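The values are calculated or read from the model by the stated rules, or taken from the named source; none is laboratory data. What you are looking at is a predicted structure, and each value in this text was computed from that prediction instead of being measured. Neighbour counts are summed over all protein chains in view; Cβ atoms, including those assigned to glycine, are modelled from backbone coordinates with ideal geometry.
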């Protein structure tokens with residue numbers, strides 16, 4: 001009898017629970033089917049443009065767009081979002097006001113520089129192939145961002161390839177961005193005054209990389225043939241627009257990327273005192289064992 005009483009009690013409890021849940025499901029059913037058909041379809045997952053045309057609610061089809069939650073990382077993780085803030089303008093970091101601050105074990109989390117290629121064109125051309133050289137020289141003591149160096153490199157390379165040909169020059173960027181710039185990010189959302197500390201602990205986090213340049217320092221150099229001097233100057237004039245401040249363009253008197261003047265280079269090459277070595281040359285002094293000097297001269301004559 002006790003077992004039967006327990007079963008009857010459980011049956012009554014389950015029946016009462018089911019009856020009390022009926023109004024909840026009825027309300028959900030009524031609220032769902034009382035909504036417009038477009039809202040019902042969107043909730044059921046049919047959000048294609050073809051269905052909107054069939055519904056007759058729109059005169060022209062629209063494109064299905066992703067939700068904002070799918071574009072922004074709202075989970076609190078470290079993933080990159082497509083709606084991130086823009087980069088701080090380079091004019092904020094133009095002047096050399098502080099000591100050099102390179103990447104090190106004390107300065108971690110530095111982003112990669114925008115410029116990754118420093119030599120373009122026919123990089124392995126011999127020193128005798130390109131006798132003419134043009135330099136872009138800085139006329140200010142300032143900092144040039146890695147983005148500006150990349151933009152100038154692209155502009156110069158594009159014009160030289162179009163006017164001279166891709167195998168008629170060798171372009172070299174002489175600056176490397178090693179100086180790390182920092183940013184003290186401020187919150188701009190509602191209630192930010194409760195979260196941030198203002199200028200307390202204002203030592204910022206790494207934001208980008210710049211190259212420190214002095215007055216008279218060479219920014220970019222290009223070597224080529226004598227008939228392409230005007231094109232090389234015009235290429236540097238165009239790339240100069242990517243930098244702040246003043247720059248000068250100088251046609252070098254030296255042979256290619258070497259340190260010898262053109263007249264001295266030709267004379268010393270004829271005398272056997274200069275040996276070609278890739279894009280440069282090696283100076284052969286006149287002292288030392290005579291046998292070694294004769295071997296070097298014989299090898300140079302065989303190579304020429």
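Before moving on, here are some points about what is shown:
- Residues (farther than 24 Å from residue 122 by Cα and either free of Cβ contacts under 8 Å to residues at least 12 places away in the same chain or surrounded by 15 or more Cβ atoms within 10 Å (Cβ to Cβ) (or both)) located in region 247-271: 247, 263, 264, 267, 268, 270, 271
- Only listed residue being surrounded by 13 or more Cβ atoms within 10 Å (Cβ to Cβ) and more than 30 Å from residue 163 (Cα to Cα), chosen from 237, 200, 212: 212
- Residue list for region 286-304, filter: over 17 Å from residue 266 (Cβ atoms), without any contact (Cβ under 8 Å) to a residue 12 or more places away in the chain and not in a helix (DSSP H, G or I): 287, 288, 289
- Filtering region 148-175 to residues that are in contact with a helix residue (DSSP H, G or I) (Cβ under 7 Å, 6 or more places away or on another chain) and farther than 18 Å from residue 217 by Cα leaves 155, 156, 159, 160, 163, 164, 168, 169.
- Test set (1) surrounded by fewer than 17 Cβ atoms within 10 Å (Cβ to Cβ); (2) in contact with a helix residue (DSSP H, G or I) (Cβ under 8 Å, 6 or more places away or on another chain) - residue 139 fails condition number: (2)
- Filter result for residue 243 (within 30 Å of residue 145 (Cβ to Cβ) and assigned to a helix (DSSP H, G or I)): no
- Conditions (1) over 25 Å from residue 256 (Cβ atoms); (2) at pLDDT 95 or above; number of the one not met by residue 187: (2)
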